[in-house]
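**Q** Structure below; questions to follow.
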Amino acid sequence: MESSAIARPVSSPLAARPAALLRRRLLTSVGSDLLPCSSAPLFVLCHPIAPIPLRHDRAKFSLAPIRASSTSAASVNPEASPAPSPPQPAQGAKLVPLVISVATGLAVRFAVPRPVEVTPQAWQLLSIFLSTIAGLVLGPLPVGAWAFIGLTASIITKTLTFSAAFGAFTNEVIWLIVISFFFARGFVQTGLGDRIAMYFVKWLGRSTLGLSYGLTVSEALIAPAMPSTTARAGGVFLPIIKSLSLSSGSKPGDHSAGKLSSSGKLGSYLVMSQFQAAANSSALFLTAAAQNLLCLKLAEELGVRISGPWVSWFKAASLPAIVSLLATPYILYKIFPPQVKDTPDAPALAAKKLEQMGSVTRNEWVMVGTMVLAVSLWIFGDALGMSSVVAAMLSLSILLLLGVLNWDDCLSEKAAWDTLAWFAVLVGMAGQLTNLGIVSWMSSCVAKFLESFSLSWPAALGVLQASYFLIHYLFASQTGHVGALYSAFLAMHLAAGVPGVLAALALAYNTNLFGSLTHYSSGQAAVYYGAGYLKLPEVFKMGFIVACVNALLWGVVGTFWWKFLGLY
């Protein structure tokens, strides 16, 4: 039965139509150049006589043959059924994280007795805030979506008014972060970040250690203009490291022979070194990471204000950061040595890449000049009466006017708008918690607890900083950690008598340093681990050792440097 159906092509509705009509339709759809004669059968379309470009071929006759074949198949084999469509991914919130996140807030609201010093409104906002933080950590929904739900809950329950809930969306610090993301896009889009890194590889890359220092220095130079460590890792440095590693025979994912694996030749060391360098460079500049600005804003909510924040941050971080940036590649070179010690081909590869890139383009020069202007205004803004966000707005306007960026580039920078959403929610809730007395109540409780141990403020500083650092093993996000614990730990420091500016800056610096503890501790951690050069035990072991060494270096060097600067 099936063979007889195939033998009768007239049974197809398409084949039964008059040849002239069929030819006219095909001429309209595919063009006369594909039909060498009026009586040509349909299969001639698949074997045109006249040679034509492949793309043109497909675009021309894609519709008619598909219609014909589908119609014929239906008439030839009535029993044939269309292939099942692939299952759609699950939509909506993840059930288990959703239940845990909501249960956290409900437990605080209804199961934990409310202290008499705390008002019902403040206690209810605390429960919503804790539920929001739990969701940011567990991830039932994307961060921005979950933050918006938490904000909505605060309005529906009449805990906050609409204007109070959305008040933080006009915060200057938040908009400074958003604009900084646009600068980062300009660095990647113009190729300026790649060019800077390649110059340092060319100058310092004859040995593996020199290559590591070249990448480290370029990371530190790019950092103030790119506030996303993840963007720097994935957009600039990982592609360069992969290229250099592959050229030396170091392949990702080859861990079969232990220390003799090809990954260990060069790639493992460079990835781990750059991973740790990112933590130090992020702590060096206020605008090098989004969480830095969040820390200062939360500190301001607790009454700790830092005058000239960009300059003050850099001055306090400069010496500890430089010492750590110089020490980290060498320490790793000794405890996690690469098999390849010399990389004589790296400068040549960098020179070839620079040659391919050509001379510095107009857009790159504009990007350089704009960033010099922005950093200068951040440094001297107080004397000129210009705030940091206004300086950033001016710089972005220049990039837009000169065509380095266009508005579509800004609109498509999803990370910036997502950060605006959840960042504003966290800052707004934290500010309202302070206004409603939750933070002062927590501070008094901590003060009483620390007094029972009779700790001096330097001892309390060390204990609290170490606790804040190591507890990051429970977090998969630096910003999530800041939102959950920064205000609470700063309140503990203040209650213990630690000078406010010292406590605020030390916590903020550690927020960057613990980003290199594990493969999940930060965005750049996931990027570098995902490259395939590091085994998981290596990440945990080396990450813990080097991150703790960096924290100790910052503590020891900072103790003398911050005393010299008068922070305590």
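**Q** May I ask for the net charge around residue 412, where only other residues with Cβ less than 14 Å from the Cβ of residue 412 are counted and Lys, Arg are +1 while Asp, Glu are -1?
**A** -2
**Q** Accessible area per residue of the stretch 359-477 at 1.4 Å probe, in Å²?
**A** I get 50 Å² per residue for the stretch 359-477.
**Q** What ranking of 128, 241 comes out by heavy-atom accessible area, probe 1.4 Å, highest first?
**A** The most accessible residue leads, giving 128, 241.
**Q** What accessible area, in Å² to the nearest ten, does a 1.4 Å probe give for residue 544?
**A** Its accessible surface works out to 90 Å², give or take rounding.
**Q** Further question on the same structure: Treat each spin label as a single point 7 Å out from the Cα along the C-beta direction, and report the residue 568 to residue 251 distance in nm.
**A** Between residue 568 and residue 251, the simple spin-label model gives 5.2 nm.
**Q** Determine, from the Cβ-Cβ distance of residue 455 and residue 172 and an R0 of 35 Å, the FRET efficiency 1/(1 + (r/R0)^6), rounded to the nearest 0.05.
**A** Using R0 = 35 Å, I get an efficiency of 0.45.
**Q** Right, next: Please give the net charge around residue 440, taking every other residue with its beta carbon less than 12 angstrom from that of residue 440, where Lys and Arg add +1 and Asp and Glu add -1.
**A** -2
**Q** Could you pull out every residue, at least 5 positions away or on a different chain, whose amide H is within less than 5 Å of the one on residue 207? Hs are placed 1.01 Å off N in the peptide plane, and Pro or chain starts have none.
**A** 343
**Q** Here's something else I'd like to know. Rounded to the nearest angstrom and ordered from largest down, what semi-axes does the equivalent ellipsoid of the stretch 101-257 get from its C-alpha gyration tensor (root of 5λ)?
**A** One finds semi-axes of 47, 20, 13 Å for the stretch 101-257.
**Q** How large is the accessible surface of residue 301 in square angstrom, using a 1.4 angstrom probe and rounding to the nearest 10?
**A** Here the residue's solvent-accessible area equals roughly 50 Å².
**Q** For a Förster distance of 30 Å, can you work out the FRET efficiency between the beta-carbons of residue 157 and residue 95, rounded to the nearest 0.05?
**A** Numbers: r = 23 Å, r/R0 = 0.77.
Once rounded, the FRET efficiency stands at 0.85.
**Q** Evaluate the distance, in nm, between pseudo-label points positioned 7 Å from the Cα of residue 334 and of residue 444 along their respective Cα→Cβ axes.
**A** Inter-label distance under the simple model: 5.1 nm.
**Q** Still on this model: Which order do you get for 353, 158, 334 if you rank them by accessible area with a 1.4 Å probe, largest at the top? Kindly include the intermediate steps, with their values, before the conclusion.
**A** On the way: 353 75, 158 170, 334 125 Å².
Ranked from most to least accessible, the order is 158, 334, 353.
**Q** Would you please give the FRET efficiency between residue 110 and residue 305, computed as 1/(1 + (r/R0)^6) with r the Cβ-Cβ distance and R0 = 41 Å, to the nearest 0.05? Write down the numbers at each step before the final one.
**A** Working: r = 37 Å, r/R0 = 0.90.
Using R0 = 41 Å, I get an efficiency of 0.65.
**Q** So how far apart, in nm, are the two label points at residue 380 and residue 548 if each is 7 Å from Cα heading toward Cβ?
**A** 4.6 nm
**Q** Another question about this same structure. Using only the heavy atoms of the protein chains and a 1.4 Å probe, how would 310, 365 rank by accessible area, largest first?
**A** 365, 310
**Q** Related question: Among the listed pairs 251/535; 94/535; 94/158; 202/352; 242/535, which are separated by more than 18 Å between their Cα atoms?
**A** Violating the 18 Å Cα-Cα cut-off are 94/535; 94/158.
**Q** Based on the alpha-carbon gyration tensor of the stretch 387-503 and its eigenvalue square roots a ≥ b ≥ c, which shape applies: rounded if a/c is under 1.5, prolate if not and a/b is larger than b/c, or oblate?
**A** prolate
**Q** Here is a further query. Which of rounded, prolate or oblate describes the stretch 117-168 when judged by the alpha-carbon gyration tensor and an a/c cut-off of 1.5?
**A** Judged from the Cα gyration tensor, the stretch 117-168 comes out oblate (a/c at least 1.5, b/c at or above a/b).
The values are calculated or read from the model by the stated rules, or taken from the named source; none is laboratory data. All of these numbers come straight from a predicted model, not from anything done at the bench. For neighbour counting, all protein chains shown are included, and Cβ atoms are generated from backbone atoms with ideal geometry for every residue, glycine included. Just the protein is used for accessible areas: all its heavy atoms, side chains included, with ligands, DNA and RNA removed. Shrake-Rupley method; radii C 1.70, N 1.55, O 1.52, S 1.80 Å.
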